[in-house]
Amino acid sequence: MNANGEAAAVADSPLIEVRDVAKYFGSVNALQGISLKVYPGEVTCVLGDNGAGKSTLIKILSGVFQPDEGEFLIDGQPVALAGPREAREHGIATVFQDLATIPLMSLWRNFFLGQEPTRGRGPLRRLDTGKARSVMRGELLKMGIDVRDPNQNVGTLSGGERQALAIARAVYFGARVLILDEPTSALGVRQSGIVLKYIVQARELGKGVIFITHNPHHAYPVGDRFYLLKRGRLMAGVEKHEVTVEGLTEMMAGGAELRELSQELMGLSADVGGAGAATVAEVARELAEEVSGPAAESSDAS
């Protein structure tokens, strides 16, 4: 097989895969019957509301938990990860919501936290600050951020820029699979759009990206595959060409339930009167928009 054929064969194979995975905590079924695949150069979106099982799935993929049932495969081989360190050795990096950054430390110190480059040997071994600053600037440039002062504190960055720092750090240290835990949950529309751009850039570098979110309007513009979780079970697994953002929203939120709630609120607003009626009516309209079409922010975020 020629080089092009070999490359295509590798791209057709998932980097990681879980098959019928289940996780129990006593009598609580946190996950049951979960199967998904993550391919290189694709964004795999895992969607679900609070309590859907997203956090438990993240911890299984990152080696914090081992599944009670099912298989976890990396490059087609079954594995039993002993912990997050072993997951990182397999090229699986997780960027959690808190980002694991120290606001009062400089950008380059946060970038290399615990893995600082050194020069010299023995008693003359010392921190190579010049290399650390240069590498950090170069990696952030790949993400579209030009750092003017590598010594500025991380606390001076916006939420989107901190996400970019965490993503660039994971990529530099060899991540093949990048798990992003709700990276846009605490951000405004503009900053969410910036983070989505970084997710696309990581995909273009050939990384397999797992985008955990509860917002289908953030997931759809960048996602290639979508897995919907509800109460620990897999409700649907679709590719982008098989679904619209409206369909994704309805599958996730439950279109019939939203329509019923919207109608109840419309009726309630007629009974409340005054300023309260306007507030209730506005909530009802927003619920109706969730069912009938994409939110306005979807176009901004894309």
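Which condition number in (1) touching a residue at least 24 places away in the same chain (Cβ under 8 Å); (2) of a type outside the set (A, V, I, L, M, F, W, C); (3) not in a loop (DSSP other than H, G, I, E, B) is the one that residue 86 fails?
Only one criterion in (1) touching a residue at least 24 places away in the same chain (Cβ under 8 Å); (2) of a type outside the set (A, V, I, L, M, F, W, C); (3) not in a loop (DSSP other than H, G, I, E, B) is unmet by residue 86, namely (1).
Give the residues of region 18-57 that are within 17 Å of residue 215 (Cα to Cα), buried (at least 16 other Cβ atoms within 10 Å of the Cβ) and in contact with a helix residue (DSSP H, G or I) (Cβ under 8 Å, 6 or more places away or on another chain), sorted by residue number.
Of everything in region 18-57, those that are within 17 Å of residue 215 (Cα to Cα), buried (at least 16 other Cβ atoms within 10 Å of the Cβ) and in contact with a helix residue (DSSP H, G or I) (Cβ under 8 Å, 6 or more places away or on another chain) turn out to be 43, 45, 46, 47, 48.
Picking from 232, 237, 208, 223, which residue would you name as being touching a helix residue (DSSP H, G or I) at 6+ places or on another chain (Cβ under 7 Å) and in the same structural domain as residue 62 (by TED's automatic domain parsing)? Can you show your working first?
Details: 232 fails: touching a helix residue (DSSP H, G or I) at 6+ places or on another chain (Cβ under 7 Å); 237 fails: touching a helix residue (DSSP H, G or I) at 6+ places or on another chain (Cβ under 7 Å); 208 fails: touching a helix residue (DSSP H, G or I) at 6+ places or on another chain (Cβ under 7 Å).
Matching residue, one of 232, 237, 208, 223: 223.
Taking the criterion of being in contact with a Pro (Cβ under 9 Å, 6 or more places away or on another chain), in a strand (DSSP E or B) and closer than 24 Å to residue 56 by Cα, would at least one residue in region 182-196 satisfy it?
no
How about region 176-195: which of its residues are hydrophobic (A, V, I, L, M, F, W, C), in contact with an Asp or Glu (Cβ under 9 Å, 6 or more places away or on another chain) and free of Cβ contacts under 8 Å to residues at least 40 places away in the same chain?
The one that is hydrophobic (A, V, I, L, M, F, W, C), in contact with an Asp or Glu (Cβ under 9 Å, 6 or more places away or on another chain) and free of Cβ contacts under 8 Å to residues at least 40 places away in the same chain: 194.
Pairs only if they're at least six apart or on different chains, beta carbon under 6 angstrom, first in region 205-228 and under 17 Å from residue 54 (Cβ atoms), second of a type in the set (Lys, Arg) and outside any strand (DSSP E or B); list them, first residue then second.
Here the result reads 209/203; 212/54, each pair linking region 205-228 to a residue that is of a type in the set (Lys, Arg) and outside any strand (DSSP E or B).
In region 58-79, is there at least one residue being without any contact (Cβ under 8 Å) to a residue 24 or more places away in the chain, surrounded by 15 or more Cβ atoms within 10 Å (Cβ to Cβ), under 16 Å from the mean Cα position of the chain (by Cα) and not in a strand (DSSP E or B)?
Yes; the residues of region 58-79 include at least one that is without any contact (Cβ under 8 Å) to a residue 24 or more places away in the chain, surrounded by 15 or more Cβ atoms within 10 Å (Cβ to Cβ), under 16 Å from the mean Cα position of the chain (by Cα) and not in a strand (DSSP E or B).
Have a look at 166, 170, 132 and point out the one that is modelled with pLDDT of 85 or more, more than 19 Å from the chain's Cα centre (by Cα) and part of a helix (DSSP H, G or I).
Values: 166 fails: more than 19 Å from the chain's Cα centre (by Cα); 170 fails: more than 19 Å from the chain's Cα centre (by Cα).
Within the list 166, 170, 132, the selection yields 132.
If a residue must be on the phi < 0 side of the Ramachandran plot and either not assigned by TED's automatic domain parsing to the domain that holds residue 232 or not hydroxyl-bearing (Ser, Thr, Tyr) (or both), how many such residues does region 49-60 contain?
Matching residues across region 49-60 total 8.
The values are calculated or read from the model by the stated rules, or taken from the named source; none is laboratory data. Only a predicted model underlies this, so the values are computations on that prediction, with no experimental measurement involved. Cβ sites come from the backbone with ideal geometry, for glycine too, and all protein chains shown count toward neighbours.
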